[in-house]
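Colleague: Here it is: the structure, laid out below.
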Amino acid sequence: MTQTPWLGFSIDRAASTPVFEQICAAIRLRAASGDMASGSKLPPTRVFATELGVSRSTIVTAYEQLVAEGYLSSQQGSGYRLCAAGEVELTQRPARAKPETTTRSGAAAVSHRAQNTSNRPKTEEPVVRPFRAGTPDMRLFPYRQWAKTVARICRSDPQSMFLGSRGFGSLALRQSICDHVAEWRGISARPEQVIVTAGATDALEICLHELAETGDSVALEDPGYKPLQHFIAAQGLTPDYLRVDENGAVLPSGPVASRLAILTPSHQFPLGGAMSPARRMEFLRWATKTEAWIVEDDYDSEFRYAGRPIPAMAGFDHLHRTLYVGSFSKIFSNALRLGYLILPDSLVGRFADSIQRFGPKASSMPQQPLADFINSGEFYRHLRRVRRIYAERRRFLLDQLTKEFSAYGYCVDHQAGMQVVFHLTCGLQDLEICNRAAEQGLSIEALSGFVQAPDSLGGTYNGLVLGFCGYSEVELDQGLGNLTRVLEQIRG
Ligand SMILES: Cc1ncc(COP(=O)(O)O)c(C=O)c1O
């Protein structure tokens, strides 16, 4: 903890609240309690930064945030002063404004008077920390329609919420999943081939349990999904890392010891590209010839923003050597923890034994409501809506990055997914940027952190993984403002 004599408060670096938020909170509190008189001057940013042992830009961010909220005023040359009491309601943080399009300066200029008239939620507002990847915007969740569906089933058919809790899951939901993947992913499957799982993670873990034994090697994309890499290590399996080029994961030219490959062909995680048809064929030929299995992790494939969806590899293979993993976490809600695994017919008996032994992890209660939600069309109404909004947010982010950050790097536009990768070309290191950005209330992951075997990749990955779905354009814009300060500060 760092104490400053001036305001007498502490910075807790271990806390999940960003440092600039802690500074804001302390100043709001002192203003509200009368410890600071209106009109009093705040310490100069440089001095205050030194006292607290934080970067100057952290203090500037905090002060600017309070200016936007109406607590402080700033005048060129004379620093920041506390506004007169009564101009703002000092004890509560104003709700964020939510216009869909604005400029960076427009975001900062949101009037505190307008904010004061907005409805404040009674519950604690979740902290918004751009640019966390892979999180949907739960403010867009269709709460009313979902509540209606759940209420109707609770009233008219409560028993249906417990059906299938001991086997592969609710038959109604498995049928809806078959309809969904037939329409969206070009996969023809019967409900008997579908297991409802606790998200894609559970589906991947089931595959690893069933198809690999301790000491076996498993082929994995590098860079790739970190929890999968950790799970493989924890299971005593040996990862066989596949490098990724512009056509997707690369099958080594020599013999491959792995009996199982886990791939993201529709949308490589985290780079974003789709695997080329020729590369897909190579993997399918390899799996057929060596009797290996391919697990297709199709975690966010519904989010394609241009052209037709890229058909799943499992559809092309007619579920012969390919197991298909899908998730409702991205299109609907992370919190539901529901996903699915679609099996080749030849594996159904084996996986049924395993489910009997270990028991299913997926919650049964939301399964029937989700089936109804899909069948009634509400699910697709929601999907169309969020796709349109995410497409706008993505466009906004890409435009800003191209216009204002080209001195630092570039993005490759894959027209898909929930995050973009900004590849750095300016000599700055992604990890340092991400650590400094965390101090500014940003949640950015370093591309290099997704790489396991950098030496074998024949190239380096240095970039920022920027999620855009969970943030309005105003929030993205504010986040980019903070990112600019971080980059300028590191560059000196
Ligand atoms: C590539 C990849 N696979 C699987 C998952 C896990 O998804 P779920 O939340 O459905 O477990 C994620 C989550 O971000 C992911 O990025």
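The values are calculated or read from the model by the stated rules, or taken from the named source; none is laboratory data. Computed from a predicted structure; not experimentally measured. Neighbour counts run over all protein chains shown; Cβ positions are idealised from the backbone, glycine included. For accessibility, only protein heavy atoms count, side chains too; no ligands or nucleic acids. Shrake-Rupley method; radii C 1.70, N 1.55, O 1.52, S 1.80 Å.
Colleague: Rounded to whole Hz and in sequence order, give me ³J(HN,Hα) for segment 445-454 from the Karplus expression 6.51 cos²θ - 1.76 cosθ + 1.60, θ = phi - 60°, writing x for Gly and Pro.
Modeller: These are the phi-based 3J(HN,Hα) values: 9, 7, 4, 4, x, 8, 9, 9, 10, x Hz.
Colleague: Keeping the other protein chains in place, figure out the carbon and sulfur percent of the accessible area of segment 358-439, with a 1.4 Å probe.
Modeller: C and S fraction of accessible area: 50 percent.
Colleague: Something else: What relative contact order, as a whole-number percentage, does the chain give when Cα pairs under 8 Å and 6 or more residues apart are counted?
Modeller: Reported as a whole number, the value is 20 percent.
Colleague: Moving on. Which far-off residues, 5 or more places away or on another chain, put their amide H under 5 Å from the one on Val295, with H placed in the peptide plane?
Modeller: Residues meeting the criterion, in which the H sits 1.01 Å from N, are Ala261, Ile262, Leu263, Leu323.
Colleague: How big is segment 369-419 by the Kirkwood estimate over distinct Cα pairs, in Å?
Modeller: Kirkwood hydrodynamic radius for segment 369-419: 13.0 Å.
Colleague: Going 7 Å from the Cα of Phe162 toward and past its Cβ, which residues in segment 347-371 have a backbone nitrogen under 13 Å from where you end up?
Modeller: 364-365
Colleague: Under 5 Å between amide H atoms, partner at least 5 residues away or on a different chain: which partners does Asn462 have, H built in plane at 1.01 Å?
Modeller: Leu424
Colleague: Same structure, new question: Distance in nm between label sites at Ala278 and Arg56, each 7 Å beyond Cα in the beta-carbon direction?
Modeller: Distance between label points: 5.4 nm.
Colleague: Please state the charge dipole magnitude for the chain, taken about the Cα centre, from unit charges on C-beta atoms (+1 on K and R, -1 on D and E), reported in debye and rounded to the nearest 20.
Modeller: 1320
Colleague: Mind checking the per residue accessible area of segment 384-476 for me, 1.4 Å probe, whole number of Å²?
Modeller: 39
Colleague: While we're here: What list of ³J(HN,Hα) values in whole Hz, one per residue of segment 223-228 in order, does the Karplus curve 6.51 cos²θ - 1.76 cosθ + 1.60 (θ = phi - 60°) give from phi, with Gly and Pro shown as x?
Modeller: After applying 6.51 cos²θ - 1.76 cosθ + 1.60, I find x, x, 6, 4, x, 5 Hz.
Colleague: Under a 1.4 Å probe, what is the accessible area of segment 143-376 per residue, stated in Å²?
Modeller: The answer is 42 Å² per residue.
Colleague: Now for a different question. Could you point to the residue in Gln400, Leu431, Gly441 farthest towards the positive end of segment 373-442's charge dipole, with +1 and -1 charges on the Cβ of Lys/Arg and Asp/Glu respectively?
Modeller: Comparing the listed Cα positions along the dipole, Gln400 ranks first.
Colleague: Starting at the first residue of segment 372-384, write each ³J(HN,Hα) from the Karplus equation 6.51 cos²θ - 1.76 cosθ + 1.60 with θ = phi - 60°, in whole Hz, x for Gly and Pro.
Modeller: 4, 5, 5, 5, 7, x, 4, 4, 6, 4, 5, 4, 4
Colleague: Taking H as built 1.01 Å from N, whose amide H comes closer than 5 Å to the amide H of Phe131, not counting residues under 5 places away?
Modeller: HN-HN under 5 Å from Phe131: Ser443, Ile444, Gly467.
Colleague: Report, largest value first, the span of the C-alpha coordinates of segment 143-376 along each principal axis, in whole Å.
Modeller: Principal extents (largest minus smallest coordinate, Cα): 60, 43, 28 Å.
Colleague: Can you tell me the order of 132-142, 431-441, 260-270, 336-346 when each peptide is scored by its average per-residue count of other Cβ atoms within 10 angstrom, highest first?
Modeller: 260-270, 336-346, 431-441, 132-142
Colleague: Order the peptides 475-481, 45-51 from the highest to the lowest mean number of other Cβ atoms within 10 Å of their residues.
Modeller: Packing order, densest peptide first, comes out as 475-481, 45-51.
Colleague: Then there is this: With all distinct Cα pairs included, what does the Kirkwood hydrodynamic radius of the chain come out to in Å, to one decimal, could you say?
Modeller: 24.8
Colleague: What's the tally of Lys pairs in the chain whose alpha-carbon atoms lie under 22 angstrom apart, where the two lysines are 8 or more places apart or on different chains?
Modeller: Step by step, the pairs that qualify in the chain add up to 5.
Colleague: As a test of the definition: which semi-axes, in Å, follow for segment 381-491 when you take the square root of five times each eigenvalue of its alpha carbon gyration tensor? Largest first, please.
Modeller: In descending order, the three semi-axes are 24, 18, 13 Å.
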